[in-house]
1. Restricting to the range 92-112, count the residues that are more than 21 Å from GLY241 (Cβ to Cβ) and part of a helix (DSSP H, G or I).
2. Which condition breaks for GLN30 when tested against (1) farther than 25 Å from SER267 by Cα; (2) more than 16 Å from ligand 1 (Cβ to nearest atom); (3) within 24 Å of the chain's Cα centre (by Cα); (4) assigned to a loop (DSSP other than H, G, I, E, B)?
3. Just checking, which of ALA58, ALA45 is in a helix (DSSP H, G or I), touching a residue at least 60 places away in the same chain (Cβ under 8 Å) and more than 18 Å from ILE228 (Cβ to Cβ)?
4. Select from the range 81-115 the residues that are among the charged types (D, E, K, R) and away from ligand 1 (no atom under 14 Å from the Cβ) and list them in ascending order.
5. Please name all residue pairs, on different chains or six or more residues apart, with Cβ atoms under 7 Å, provided the first residue is in the range 214-235 and is among the basic types (Lys, Arg) and the second residue is within 16 Å of ligand 1 (Cβ to nearest atom).
6. Given the range 206-288, what helices (runs of 4 or more DSSP H) lie entirely inside it while holding 2 or more residues that are within 16 Å of ligand 2 (Cβ to nearest atom) and either more than 20 Å from LEU88 (Cα to Cα) or of a type outside the set (Asp, Glu) (or both)?
7. Touching a Gly at 6+ places or on another chain (Cβ under 7 Å) and touching a residue at least 40 places away in the same chain (Cβ under 8 Å), is that true of PHE320?
Amino acid sequence: GLLRGTAPTPTVFETMTGWAREHDAVNLGQGFPDHDGPAWIRQIAAQAMLTEPTSGAASLNQYAPGTGLPSLRAAVGHHVERHRGLQLDPDREILITTGATEGIAAALLALVSPGDEVVVFEPFYDSYAAMIALAGAVQVTVPLSAPDFQPDPLALESVVTERTRMVVLNTPHNPTGAVLARGVLDQLIQVCSRHDLLVLSDEVYEHLVYDGEHHAVASTPGAWERTITVSSAGKSLSLTGWKVGWLTGPAELVSAVRAVKQFLTYSSGPAYQEAVAEALLNDRGFLADQRDRFRSTRDLLVDGLRQAGLDPVVPAAGYFTVVDLAPWGVQDAAHAVRELTVQAGVTGIPVSSLCRPDQPGPLHSWVRLAFCKRPEVLQEAVRRLGAAA
Ligand code: PMP
Ligand code: GLN
């Protein structure tokens, strides 16, 4: 129905993980770390599940409050203040979600009406297109170009119409790893202010920045009152399966999103929320260690791809690098990833699956490869790719 032409069933990530398993390929497709977040954080969740609540206290095995555990909302508030310089009201400006995925879904369903236009920069994370379709809205895309993949504010302004309601920003960016530059961000927000557009800012990779620094969209002058930001413990703490995310923004917008969220999942996983709350208050050096680890696995993958005759983008952030396979004679990466999986034993995601499906664009021969993996796994991938080159 509504999803036709926007998303494959199952998602491209699940499909590629299935192929990788089937052919015993190194899976650099779906973005998840192969090294779980710290045992001490997992221990807190386990303990929370096993401890009998003292009288009067809520069990952490029963429904969490619809807005999320107060301890987690407070911890997110501290976190946002420390890292982004914003002071938020945990009761009205913070909502805990079932991963960033639910935040994106609830924000689009709540704030966009059928027929509204939503601008998305391409390539884009697949759930935006799917949720815009489910909201009955129209997705308008603006292309990002290699090698820096910075959104062009003039191109944004050129697609704005009477019907434009929202702009989706994603920094750091999946799949390209680009971090929005301060000056570009200022100009994008000026366009949004001029046309009174809402902004949905997906910042799930905010703590995975290897070069330069992350600029929070909501901290940009003129942005706060129009911006909903989503983030996730999945990426920051290498606990993607926990699906603990959060959403922040001005009270009126958050309240509208909450009205929808209560009918999507109502709430989820209080024991996970409790553990994430503690980890956000004091990560015991994990965020910095993880950043260093992924910076070096990024370099390992990028160097290996260069040795295989390719010219990968060096991503400033995130889980992925994107690379054009044209030097290997590839025209259609969707076809090539199948061959790479079966013959070379390495799986990636065609960037075209993160683009509109209608016409082959300039990224048709590009693949996305994940480097959020252990060094020995990437070494093996690079060895296989080198042999296939
Ligand atoms: N946004 C982006 C850009 C992502 O890459 C992901 C996860 N791959 C998500 C949102 C979803 O995050 P979560 O797992 O917390 O739902
Ligand atoms: N966000 C992950 C990626 O981009 C995948 C999440 C999912 O499987 N939906 O690979």
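1. Residues meeting the conditions: 5.
2. (2)
3. Sole residue among the options that is in a helix (DSSP H, G or I), touching a residue at least 60 places away in the same chain (Cβ under 8 Å) and more than 18 Å from ILE228 (Cβ to Cβ): ALA45.
4. GLU81, ARG82, ARG84, ASP89, ASP91, ARG92, GLU93
5. Correct list of pairs: ARG226/VAL199; LYS235/VAL204; LYS235/TYR205; LYS235/LEU208.
6. The qualifying helices (runs of 4 or more DSSP H) are 233-236.
7. When the stated conditions are applied, PHE320 passes them.
Here is a yes/no grid of residues against (1) within 12 Å of ligand 2 (Cβ to nearest atom); (2) buried (at least 19 other Cβ atoms within 10 Å of the Cβ); (3) over 14 Å from LEU198 (Cα atoms):
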position: ALA100; (1), (2), (3): yes, yes, yes
position: ALA107; (1), (2), (3): no, yes, no
position: LEU111; (1), (2), (3): no, yes, no
position: VAL119; (1), (2), (3): no, yes, no
position: MET131; (1), (2), (3): no, yes, yes
position: LEU134; (1), (2), (3): no, no, yes
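The values are calculated or read from the model by the stated rules, or taken from the named source; none is laboratory data. All of these numbers come straight from a predicted model, not from anything done at the bench. Glycine also receives a Cβ, built like all others from the backbone with ideal geometry; neighbour counts cover every protein chain displayed.
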